[in-house]
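Enquirer: Questions regarding the structure given below will be posed in turn.
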Amino acid sequence: MPDTFFYALEVSLNGLMAGVMYSLVALGFVLIFKASGIFNYAQGVLALFAALTLVGLQNGQVPFAHLINAVFGTSIHGFGWQLPGIIAILLTALVMVGLAILIERYILKHLVNQEPIILFMATIGLAYFLEGLGDVMWGADIKKLDVGLPQGISDAIESTTYEWFGYGFFIDRLDMVAAVVAALLVASLTLFSQYTKYGRALRAVADDHQAALSVGISLRFIWVLVWSIAGFVALVAGIMWGSKSGVQFSLSLIALKALPVLMLGGFTSIPGAIVGGLIIGMGEKLFEFFIGPLVGGATENWFAYVLALLFLVFRPQGLFGEKIIERV
Amino acid sequence: MNLQDTPQDNPMTAEGYTTPDGRKIGGVLMEMRNITLRFGGVKAITDISFDIREGEIRAIIGPNGAGKSSMLNVISGFYVPQEGEVWFRGRKRPPMKPYQVARQGIARTFQNIALFEGMSVLDNIMTGRLTLMKSGILQQAMWWGRAEREETEHREKVEKIIDFLEIQHIRKTPVGRLPYGLKKRVELARALAAEPRLLLLDEPMAGMNVEEKEDMSRFILDVNDEFGTTIALIEHDMGVVMDLSDRVVVMDYGKKIGDGTPDEVRNNQAVIDAYLGVAHD
Ligand SMILES: Nc1ncnc2c1ncn2[C@@H]1O[C@H](COP(=O)(O)OP(=O)(O)OP(=O)(O)O)[C@@H](O)[C@H]1O
Ligand SMILES: [Mg+2]
């Protein structure tokens with residue numbers, strides 16, 4: 001009996017860790033939604049694109065190599081370098097800023113004052129464009145990502161918990177790193193938004209565009225800033241996920257789980273995104289563990305969506321979202 | 001004396017003048033030349049010219065729908081006129097976005113109040129100083145020395161404005177919870193925080209009770225007096241306008257029907273007709 005208890009505990013801990021991934025994607029989404037009201041369908045693909053770029057840069061892959069070779073009959077494969085993880089990460093962060101600038105200049109700028117649904121459609125287009133671009137630039141094969149994060153089960157935790165409880169917990173070291181990094185990320189985003197002038201400008205724009213303009217804030221600059229931050233958050237998510245299961249295109253599917261997370265946490269709440277991700281991560285693992293066997297398993301495919309549906313019915317503003325009040 | 005329509009004919013363009021209460025008014029700070037603004041077929045402003053002088057309190061009055069707010073929006077860059085020129089500090093201004101106008105030292109308030117409702121009073125006023133903050137994005141992100149020092153300096157200035165407008169007791173309150181009169185005051189504080197060359201106030205006293213109006217009048221006079229800020233304001237309450245302003249532009253149906261000192265305007269037949277609702281031909 002206690003073994004079942006400990007096993008369930010271990011399952012929920014692992015679920016929490018998986019939830020961190022959902023939280024990270026949802027976090028990038030909330031940032032953009034809060035600032036601009038744009039429902040950014042491409043957030044998950046941003047993570048994929050960031051991870052692909054990171055691997056490519058780190059391993060000295062030549063972008064568009066396949067295309068170049070096909071057109072010019074060459075056979076280029078790589079620059080032949082191997083960058084240290086941290087350098088590759090910094091370079092990728094710069095690429096994400098560049099991407100934010102391009103998105104602002106070639107998409108958002110032309111869509112100001114459009115209906116939200118138009119902007120949403122634009123981000124769907126962006127998602128598929130980026131997915132295709134990632135494919136053409138870096139190739140569609142599954143890639144191994146190793147930026148030097150610890151891998152494997154933590155022996156220390158296993159042996160300590162075995163000594164204490166007579167049950168050794170299997171906790172992935174990478175998951176623990178992911179949790180710590182996510183916590184640091186949220187803390188620094190909060191500090192940035194509360195105490196710096198750009199953070200204040202971001203909050204101002206999120207609150208009232210007209211007033212923001214009147215105090216001299218350039219909305220175009222803010223869009224670039226917020227997409228850069230979202231791109232950086234996507235990069236962090238891409239690193240964690242890529243280190244764990246390789247960089248592959250199915251990431252954009254996992255990223256879809258961010259949607260139920262948002263319905264749970266509310267579209268405008270950063271704590272909501274985090275807690276929502278954790279609840280869904282843990283909930284779906286526990287549900288699969290206890291209820292799965294009774295209903296034939298594979299509950300992880302739908303549990304999150306059903307939970308989100310329940311929330312939509314009973315608490316449409318999410319756990320932490322502001323109460324939705326129609327202004328008359 | 002100066003009900004002429006074109007600034008070129010304006011006898012006061014060169015030097016400036018002294019007000020009855022002895023304040024020195026300087027040269028032209030802002031000049032609107034033959035501004036016309038249309039919304040589709042509706043002409044909100046028709047060929048209006050006037051100037052605003054350094055250190056002056058300039059009022060724009062007129063019945064509802066006269067085009068007063070539209071004029072303020074043209075000055076602050078929210079509306080782009082189809083015709084006419086805007087001159088600021090002796091230079092013709094190219095078409096500008098509102099945020100660029102703000103960075104030139106023109107701050108404003110809105111008729112319907114545009115505050116950051118979810119942010120505290122203090123944070124709202126701090127946003128007024130964004131254009132004055134110099135440290136770059138990386139310094140800010142890393143909270144390097146300069147960013148921190150800057151924040152402290154600006155906080156001190158903002159605290160002075162808070163004292164000045166007597167809103168210490170609500171410093172930390174989210175603006176959304178404040179009553180209307182205090183919101184108007186916070187909006188003024190945010191505009192003042194930018195240390196503007198020109199302050200634009202769209203009906204700063206609308207919807208206030210007598211006592212609140214008196215407070216607001218006093219603040220406006222004090223701002224002009226202590227900081228030498230040039231102010232252009234729209235106001236419906238005639239008593240207030242007559243008390244506060246040095247010169248008044250009168251608009252009706254998008255046209256300028258009067259321009260001069262409060263006394264001159266009060267005795268202008270076209271103005272009297274407009275306010276008494278005499279039929280237009
Ligand atoms: N954004 C806009 N789009 C279309 N028409 C507008 C717009 N802004 C103003 N107008 C029109 O321009 C005219 C002048 O409006 P404006 O708000 O400038 O008047 P006002 O003098 O400020 O009136 P009030 O005293 O009621 O505030 C009105 O006919 C108004 O309907
Ligand atoms: Mg108005």
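Enquirer: Please report, ordered by residue number, the helices (runs of 4 or more DSSP H) entirely within the range A:126-244 with at least 2 residues that are touching a Pro at 6+ places or on another chain (Cβ under 8 Å).
Expert: A:173-195, A:209-214
Enquirer: On the basis of being more than 25 Å from B:ALA107 (Cα to Cα) and either of a type in the set (Val, Ile, Thr) or open to solvent by 50 Å² or more (accessible area, probe 1.4 Å) (or both), does B:VAL265 make the cut?
Expert: Spelling it out, B:VAL265 is indeed more than 25 Å from B:ALA107 (Cα to Cα) and either of a type in the set (Val, Ile, Thr) or open to solvent by 50 Å² or more (accessible area, probe 1.4 Å) (or both).
Enquirer: Scan B:GLY228, B:GLY181 and give me the residue that is farther than 19 Å from B:PRO63 by Cβ, in the same structural domain as B:MET126 (by TED's automatic domain parsing) and surrounded by fewer than 22 Cβ atoms within 10 Å (Cβ to Cβ).
Expert: Details: B:GLY228 fails: in the same structural domain as B:MET126 (by TED's automatic domain parsing).
None of the others qualify; the one that does is B:GLY181.
Enquirer: Here is a further query. Quick check, is B:ILE35 of a type outside the set (D, E, K, R), under 17 Å from the mean Cα position of the chain (by Cα) and either near ligand 1 (Cβ under 10 Å from one of its atoms) or open to solvent by less than 30 Å² (accessible area, probe 1.4 Å) (or both)?
Expert: Values: of a type outside the set (D, E, K, R): yes; under 17 Å from the mean Cα position of the chain (by Cα): no; either near ligand 1 (Cβ under 10 Å from one of its atoms) or open to solvent by less than 30 Å² (accessible area, probe 1.4 Å) (or both): yes.
No: the conditions fail for B:ILE35.
Enquirer: Further question on the same structure: Got a number for residues in the range A:119-156 being exposed (fewer than 12 other Cβ atoms within 10 Å of the Cβ) and more than 28 Å from A:GLY56 (Cα to Cα)?
Expert: 2
Enquirer: Being in a helix (DSSP H, G or I) and open to solvent by less than 10 Å² (accessible area, probe 1.4 Å) is the requirement here; does B:MET205 meet it?
Expert: On the way: in a helix (DSSP H, G or I): no; open to solvent by less than 10 Å² (accessible area, probe 1.4 Å): yes.
The answer is no for B:MET205.
Enquirer: Only one residue in A:VAL30, A:VAL45, A:VAL71 is part of a helix (DSSP H, G or I) and over 22 Å from A:VAL97 (Cβ atoms). Which one?
Expert: Numbers: A:VAL30 fails: over 22 Å from A:VAL97 (Cβ atoms); A:VAL45 fails: over 22 Å from A:VAL97 (Cβ atoms).
It is A:VAL71.
Enquirer: What residue, among those in the range B:228-261 that are within 16 Å of ligand 2 (Cβ to nearest atom) and small (Gly, Ala, Ser), is modelled with the highest pLDDT?
Expert: Filtering the range B:228-261 for residues that are within 16 Å of ligand 2 (Cβ to nearest atom) and small (Gly, Ala, Ser), the one modelled with the highest pLDDT comes out as B:ALA232.
Enquirer: Which condition breaks for A:GLY199 when tested against (1) open to solvent by less than 10 Å² (accessible area, probe 1.4 Å); (2) under 13 Å from the mean Cα position of the chain (by Cα); (3) not hydroxyl-bearing (Ser, Thr, Tyr)?
Expert: (2)
Enquirer: Applying the selection to the range B:70-85, what residues are open to solvent by less than 60 Å² (accessible area, probe 1.4 Å) and within 13 Å of ligand 1 (Cβ to nearest atom)?
Expert: Result: B:SER70, B:MET71, B:LEU72, B:ASN73, B:VAL74, B:ILE75, B:SER76, B:PHE78, B:PRO81.
Enquirer: How many residues are touching a helix residue (DSSP H, G or I) at 6+ places or on another chain (Cβ under 9 Å), hydrophobic (A, V, I, L, M, F, W, C) and more than 10 Å from chain A (Cβ to nearest Cβ) if we restrict to the range B:126-156?
Expert: Residues that pass the stated criteria total 1.
Enquirer: Among the strands (runs of 3 or more DSSP E) contained in the range B:38-107, which hold 1 or more residues that are more than 14 Å from every other protein chain (Cβ to nearest Cβ) and within 16 Å of ligand 2 (Cβ to nearest atom)? If you could, list the steps in order and put the result at the bottom.
Expert: On the way: elements: B:42-53, B:57-61, B:83-88.
Correct list: B:42-53, B:57-61.
Enquirer: Across the range B:111-125, which residue is nearest to B:ASP202 (Cα to Cα) among those that are at the interface with chain A (Cβ under 7 Å from one of its Cβ atoms) and within 17 Å of the chain's Cα centre (by Cα)? Outline the logic, then answer.
Expert: Applying the first criterion (at the interface with chain A (Cβ under 7 Å from one of its Cβ atoms)) to the range B:111-125 yields B:114-119, B:123.
Still in the running and within 17 Å of the chain's Cα centre (by Cα): B:114-115.
Values: B:ALA114: 11, B:LEU115: 14 Å.
Of everything passing the filter in the range B:111-125, B:ALA114 is nearest to B:ASP202 (Cα to Cα).
Enquirer: Taking B:GLY118, is it open to solvent by 70 Å² or more (accessible area, probe 1.4 Å) and not hydroxyl-bearing (Ser, Thr, Tyr)?
Expert: Here the answer is no, as B:GLY118 does not meet what is asked.
Enquirer: So, one more: For B:LEU198, are the conditions met, namely being modelled with pLDDT of 95 or more, out of contact with any Phe, Trp or Tyr (no Cβ under 7 Å at 6 or more places or on another chain) and within 14 Å of chain A (Cβ to nearest Cβ)?
Expert: On the way: modelled with pLDDT of 95 or more: yes; out of contact with any Phe, Trp or Tyr (no Cβ under 7 Å at 6 or more places or on another chain): yes; within 14 Å of chain A (Cβ to nearest Cβ): yes.
It is true that B:LEU198 is modelled with pLDDT of 95 or more, out of contact with any Phe, Trp or Tyr (no Cβ under 7 Å at 6 or more places or on another chain) and within 14 Å of chain A (Cβ to nearest Cβ).
Enquirer: Of all residues being of a type outside the set (Val, Ile, Thr) and within 14 Å of chain A (Cβ to nearest Cβ) in the range B:157-173, which is most open to solvent (accessible area, probe 1.4 Å)? Just the residue, please. Steps first, answer last, please.
Expert: Keep residues of the range B:157-173 that are of a type outside the set (Val, Ile, Thr), which gives B:157, B:159-160, B:163-166, B:168-169, B:171-172.
With the extra rule that they be within 14 Å of chain A (Cβ to nearest Cβ), the set shrinks to B:157, B:172.
Numbers: B:LYS157: 92, B:LYS172: 138 Å².
Within the range B:157-173, the match that is most open to solvent (accessible area, probe 1.4 Å) is B:LYS172.
Yes or no, residue by residue, for (1) over 23 Å from A:LEU130 (Cα atoms); (2) charged (D, E, K, R); (3) surrounded by 19 or more Cβ atoms within 10 Å (Cβ to Cβ); (4) modelled with pLDDT under 90:
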residue: A:PHE5; (1), (2), (3), (4): yes, no, no, yes
residue: A:LEU24; (1), (2), (3), (4): no, no, yes, no
residue: A:GLN43; (1), (2), (3), (4): no, no, yes, no
residue: A:THR53; (1), (2), (3), (4): no, no, yes, no
residue: A:GLN58; (1), (2), (3), (4): no, no, yes, no
residue: A:VAL71; (1), (2), (3), (4): no, no, no, yes
residue: A:THR74; (1), (2), (3), (4): yes, no, no, yes
residue: A:GLN82; (1), (2), (3), (4): yes, no, no, yes
residue: A:VAL95; (1), (2), (3), (4): no, no, no, no
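The values are calculated or read from the model by the stated rules, or taken from the named source; none is laboratory data. Just so we're clear, the structure is a prediction, and the values are computed from it rather than from any experiment. Because the Cβ atoms are built from the backbone with ideal geometry, glycine has one as well, and the counts that use them run over all protein chains shown. All accessible areas refer to the heavy atoms of the entire protein, side chains included, with ligands and DNA or RNA removed. Shrake-Rupley method; radii C 1.70, N 1.55, O 1.52, S 1.80 Å.
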